[in-house]
1. In segment 305-328, is there at least one residue being farther than 28 Å from residue 148 by Cα and not in a helix (DSSP H, G or I)?
2. Being within 23 Å of residue 141 (Cβ to Cβ), in contact with a strand residue (DSSP E or B) (Cβ under 7 Å, 6 or more places away or on another chain) and modelled with pLDDT under 70 narrows it down to one residue among 44, 88, 76; which is it?
3. Could you check how many residues of segment 124-151 are surrounded by 14 or more Cβ atoms within 10 Å (Cβ to Cβ), in contact with a strand residue (DSSP E or B) (Cβ under 7 Å, 6 or more places away or on another chain) and either on the phi < 0 side of the Ramachandran plot or at pLDDT 90 or above (or both)?
4. Out of the residues in segment 216-243 meeting the condition of being touching a residue at least 40 places away in the same chain (Cβ under 8 Å) and part of a helix (DSSP H, G or I), tell me which one is surrounded by the fewest Cβ atoms within 10 Å (Cβ to Cβ).
5. Does residue 270 satisfy the criteria of being surrounded by 17 or more Cβ atoms within 10 Å (Cβ to Cβ), part of a helix (DSSP H, G or I) and without any contact (Cβ under 8 Å) to a residue 60 or more places away in the chain?
6. Can you find, within segment 47-60, the residue that is modelled with the highest pLDDT among those that are assigned to a loop (DSSP other than H, G, I, E, B) and closer than 15 Å to residue 102 by Cβ?
7. Has segment 171-178 got any residue that is modelled with pLDDT under 90, under 21 Å from residue 314 (Cα atoms), in contact with a strand residue (DSSP E or B) (Cβ under 8 Å, 6 or more places away or on another chain) and surrounded by fewer than 16 Cβ atoms within 10 Å (Cβ to Cβ)?
8. As an exercise: evaluate residue 189 against (1) modelled with pLDDT under 95; (2) buried (at least 20 other Cβ atoms within 10 Å of the Cβ); (3) outside any helix (DSSP H, G or I) and give the number of the one condition it does not meet.
């Protein structure tokens with residue numbers, strides 16, 4: 001597991017296990033330019049050792065300087081970098097373009113309760129289902145509750161006492177078959193932090209393909225991988241964009257039997273209607289299973305080129321993952 005936040009939790013647990021106090025920092029909200037989204041984490045010790053990041057460097061440098069000077073001795077507080085507001089302001093750091101960054105800072109003692117708490121959070125990030133961390137600012141008290149797979153990463157407004165942070169499995173995109181649209185989807189997905197897997201057994205297609213670095217390519221039928229143990233969870237999206245029914249239909253038939261949070265296949269409305277009937281008649285899918293499939297896939301942006309189609313698909317993935325309803329047409 002190479003995800004940065006997973007490694008942050010690994011390091012926090014290791015330091016706590018060595019009987020060391022740690023400071024866990026979580027990005028709560030951003031305004032303007034920011035390289036890390038809400039929910040992103042960093043961990044540090046009182047000596048300035050750290051792993052993870054909050055921004056592009058200036059925030060981390062200032063935070064660690066203040067931490068080693070003994071400034072953050074409260075159990076939990078919110079620090080605002082950038083413009084002033086109702087929470088503690090850090091006046092020494094100015095963010096570019098009038099940006100703003102709110103950061104939750106938790107001081108965690110090396111006790112069994114904190115170790116157990118972070119162990120559950122790490123397991124959630126590793127694929128065992130979403131949880132919501134609750135942090136009571138006035139006391140620093142923390143607790144967990146199970147959650148569904150979709151929703152905002154952070155629920156909090158300045159002045160509120162309880163912060164809710166959703167933690168769940170790393171987003172994964174399974175591309176069922178190669179095409180120019182699949183390649184564009186892979187590029188967008190990687191930039192959004194997805195783990196990307198592309199499956200295609202067609203040597204005549206894949207021998208000349210070009211994939212961005214970071215994509216895991218498996219030369220096998222996508223439906224076989226989709227159906228394999230551990231391939232799909234609620235944070236997995238299965239996308240078929242080949243226009244080859246031998247690839248696309250089998251992938252859909254396998255995907256609806258899994259816990260995948262997003263399932264979609266490319267095609268016009270007419271093609272999608274024909275596919276639905278085919279999946280019902282020859283694939284034996286129920287109406288409820290067919291309803292799980294986004295077809296036509298993606299937001300209706302009037303897309304024409306492979307990059308535009310990929311943009312519409314990834315935008316819809318983000319919409320569903322964040323728990324937003326589609327905009328009425």
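The values are calculated or read from the model by the stated rules, or taken from the named source; none is laboratory data. Source: prediction; values computed, not measured. Backbone-built Cβ (ideal geometry, glycine too); neighbour counts: all protein chains shown.
1. Yes, that holds for at least one residue.
2. Working: 44 fails: modelled with pLDDT under 70; 76 fails: modelled with pLDDT under 70.
So the residue among 44, 88, 76 that is within 23 Å of residue 141 (Cβ to Cβ), in contact with a strand residue (DSSP E or B) (Cβ under 7 Å, 6 or more places away or on another chain) and modelled with pLDDT under 70 is 88.
3. Going through segment 124-151 one residue at a time, the tally reaches 14.
4. Applying the first criterion (touching a residue at least 40 places away in the same chain (Cβ under 8 Å)) to segment 216-243 yields 222-223, 225-226, 230-243.
Those still in the list that are part of a helix (DSSP H, G or I) too: 222-223, 225-226.
Working: 222: 29, 223: 23, 225: 19, 226: 27.
For segment 216-243, the residue satisfying everything is 225.
5. no
6. Going residue by residue through segment 47-60, those that are assigned to a loop (DSSP other than H, G, I, E, B) are 47-49, 53-57.
Of the ones still in play, those that are also closer than 15 Å to residue 102 by Cβ are 54-55.
Details: 54: 83, 55: 77.
Filtering first and then ranking leaves 54.
7. Scanning segment 171-178 turns up no residue that is modelled with pLDDT under 90, under 21 Å from residue 314 (Cα atoms), in contact with a strand residue (DSSP E or B) (Cβ under 8 Å, 6 or more places away or on another chain) and surrounded by fewer than 16 Cβ atoms within 10 Å (Cβ to Cβ).
8. So residue 189 meets the others, but not (3).
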